[in-house]
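Take a look at the structure below.
FYI, it's all coordinate maths here, none of it is from the lab. Keep in mind it's a predicted model, so treat the numbers as computed, not measured. When we count neighbours, we look across all protein chains shown, and the Cβ atoms used for this are built from the backbone with ideal geometry, even at glycine.
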Amino acid sequence: MRWARYVRLIRSVTQLAYELEEERRKGRGIALVPTMGSLHAGHSSLLAQARQSGRAVVLTIFVNPTQFDDRSDFDRYPRTQDRDLELAEAEGAELVLVPSTEQMYPPPDVVRVTASGPLTELWEGASRPGHFDGVLTVVGRLFGMAGSCRAFFGEKDYQQLRLVSALAAEMFPLVEVVGCPVVREADGVACSSRNALLSSEDRRAAAVIHRALLEGCDRASRHGASAASVEAAVRSRIEKEPRAEIDYVGVVRIDDLVPAGELVGEMRILVACRFGPVRLIDNVALSGAAPEAGAGAGAGEGHAVVGRRTAILSSQDDD
Ligand code: PAF
C-alpha cells in the first residue's frame, strides 16, 4: 500500500511506549495527535503543526466507545483507515497507533477518569452525559503511554480542549497541550468527521452555524450589546434555517465556560445544533472590554472585538 512506505503502523500500546522511549533516547521530542480517524483538513492542520514542532509525529486513531453516550452514534461513526493512513503519511506522521479496544482498555479495566466541575457539567457535558469521562479516560491512557510530549487538539471541540488541558495540568505535568484553530470549509462549516454523515441538504444547511456565529460577533461589536443580545442574534439566525435544531447557544467566559453576564474579557460563543441525526458543534472567539474597565461606566456595553482564529479552506471537499 502507498502509505506503508514511510508511516509505521503500530497496534500495541506497549510497543509504542517503547518506541517513544527510544526516540527520546535519541534526543527527539514527541508530538502527539490523538484522533478517532476519519481524518479531514482539520486533522491535517493538527499534523502540520505537530510536524512544525520538529518532533517525531505520532498519530493515534481509535474510535473510543466510552465517550459515546449513544450506541448508534458510535456504530455510525465513519471509519476510513486506509485513507487515514495515506493522509497521515502525506502530513509527515512517523508512527500511527491503531489499537484494538482490548489494547486501550486491557482487562481488568479498573481505572476510569471522572470529570467534575463547571468545565465539565455545562454544554457538551449536559447534553452528552458521561462523554467527558470517556474522553478523559482515553486521553489519559494516551498521555500515560506517550510520556513527555506536546499534544495537539483542535479548538472546534473547545470544551474538550479545556478539559484535556486541565487533565494534563493535574495529572501529566510532562504533557504540553497545544490548541489549534478551527479549520473551515469554504462555506464556513467547521471541518468534522461528522460532516460526512450529513445528507446533501443538511450539509448545505449546516453553513448557517458559522453565519450565525459571525452575526453574533457582529452584534457584540455594536453599541449597547450584551451577552444576552449576542446569544439571541445567534439563535434567531439559526432558527431561520428549518433543517437546524438548536441544542444550545452560549456566550461563555473562557476561564470557566460559565455564561458571560457581560461582554468583558475573553469569551467564546458556543453552538451545538442537530441536522437530522447528525449533531454538530462549533465556536468562535470573542473579546470584550478589558476586565479592569468592567468596574466603571459603560461596563458590559459591548464594543467587543472578534478573534476569528480560523483557517478557511478553498475547496469544498468534506473530508
Ligand atoms: O476529538 C477527538 O477526536 C476525540 O475526542 C479524542 C480527543 C481523540 C479522544 O477520543
For the chain, built as a Gaussian network whose Cα springs stay under 10 Å, the top-fluctuating residue of A126, A260, A228: A126
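Gain in length, S127 to A90, computed as 0.36 nm per residue apart minus the alpha-carbon separation, to one decimal in nm?
Length gained between S127 and A90: 9.7 nm.
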Beta bridge orientation in the chain: antiparallel %, DSSP, nearest 5: 50
20 Å reach of a label modelled at D70, 7 Å along Cα-to-Cβ, counting backbone N of the stretch 197-215: 197-210
Span from the the stretch 143-195 Cα centroid across to the the stretch 74-104 one, whole angstrom: 17
Trypsin sites (Lys or Arg not before Pro) lying in DSSP loop within the stretch 143-205, provided at most 11 other Cβ fall within 10 Å: none
Residue among G130, G92, G117 with the largest mean-square fluctuation in a Gaussian network model of the chain, springs linking Cα atoms under 10 Å: G117
Residue among D69, D255, D247 with the largest mean-square fluctuation in a Gaussian network model of the chain, springs linking Cα atoms under 10 Å: D255
Charge sum, other residues only, whose C-beta stays under 13 Å from A151's C-beta, Lys/Arg counted +1 and Asp/Glu -1: +2
Prolate/oblate/rounded call for the stretch 132-274, Cα gyration tensor, a/c under 1.5 rounded: oblate
Lys/Arg +1, Asp/Glu -1 at C-beta; the chain dipole; positive extreme among L20, G216, G117: L20
Anisotropy class of the stretch 60-167 from Cα gyration tensor, a/c 1.5 cut: rounded
The chain: relative contact order as a whole-number percent, Cα under 8 Å and 6+ apart: 17
